[in-house]
Amino acid sequence: MKFQLDPRLQNDCYLLAESDNSRWLLLNNSYFPWFIIVPKTTQTELYLLPKKQQEQLQLESNLISEFVINHFNCDKLNVASIGNIVKQMHVHIIARNESDPCWPGVVWGTNHKQQYTLGAALEIQINLKQFCLHSGINEFQFAPLQ
């Protein structure tokens, strides 16, 4: 079966980058720096991924987590693989702040939404690309934002 991104993720996110293994997304809600890694698999549960793919996903999660900590002034980093509505395997990496509109509650299903300007999303993508280059990560193709 060919990999296809869930339409809800495609509709709600910017595609930042893609490799043979995964896609990196930015949720289009500027209240929270919210990244999503979608491994290219038909599996819906993390434990069902082959060990090599689990390790790759962990490496990518660590990389984006480090990027978020270094580039956003956050009080807490939330990392989770939750997929009750979007069953496609994906991992959320979210910067949280005590000043954000949902603190200390969850951000899932919030009515607090404000889209990024294209310029702001592009700036995040450029910073992520530079971070990857400085980290020696070069297998990702960064997508033109639309």
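The values are calculated or read from the model by the stated rules, or taken from the named source; none is laboratory data. Note that the structure is predicted; figures quoted are calculated from it, not measured. With ideal geometry, Cβ positions are generated from the backbone for all residues, glycine too; neighbour counts draw on all protein chains shown.
Would you confirm, using the coordinates I've provided, whether K87 is out of contact with any Cys (no Cβ under 7 Å at 6 or more places or on another chain), of a type in the set (K, R) and over 14 Å from N29 (Cα atoms)? Here the answer is yes, as K87 does meet what is asked. Considering region 44-65, and only residues there that are part of a helix (DSSP H, G or I) and in contact (Cβ under 8 Å) with a residue 40 or more places away in the chain, the residue that is nearest to W34 (Cα to Cα) turns out to be I64. When each of H90, H71 is tested for being on the phi < 0 side of the Ramachandran plot, in contact with a Gly (Cβ under 7 Å, 6 or more places away or on another chain) and either surrounded by 15 or more Cβ atoms within 10 Å (Cβ to Cβ) or aromatic (F, W, Y) (or both), the lone residue that passes is H90. The residue that is surrounded by the most Cβ atoms within 10 Å (Cβ to Cβ), counting only those in region 106-137 that are at pLDDT 95 or above and among the small types (G, A, S), is A121. For region 86-105, the tally of residues that are of a type in the set (K, R) and modelled with pLDDT of 95 or more stands at 1. The conditions of being in a loop (DSSP other than H, G, I, E, B), at positive phi, at pLDDT below 95 and not β-branched (V, I, T) are not met by G83.
The residues on offer are D6, D75, D12, and the sole one that is more than 16 Å from the chain's Cα centre (by Cα), among the acidic types (D, E) and under 24 Å from Q115 (Cβ atoms) is D75.
Scan region 90-146 for residues that are part of a helix (DSSP H, G or I) and in contact with a Pro (Cβ under 9 Å, 6 or more places away or on another chain) and the total you get is 1.
Here's the yes/no breakdown for (1) within 20 Å of E139 (Cα to Cα); (2) out of contact with any Gly (no Cβ under 6 Å at 6 or more places or on another chain); (3) surrounded by fewer than 21 Cβ atoms within 10 Å (Cβ to Cβ):
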{"position": "D20", "(1), (2), (3)": "yes, yes, yes"}
{"position": "R23", "(1), (2), (3)": "yes, yes, no"}
{"position": "Y47", "(1), (2), (3)": "no, yes, yes"}
{"position": "Q53", "(1), (2), (3)": "yes, yes, yes"}
{"position": "E66", "(1), (2), (3)": "yes, yes, yes"}
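Out of the residues in region 7-42 meeting the condition of being of a type in the set (D, E, K, R), outside any strand (DSSP E or B) and farther than 26 Å from K76 by Cβ, tell me which one is modelled with the lowest pLDDT. Result: D20.
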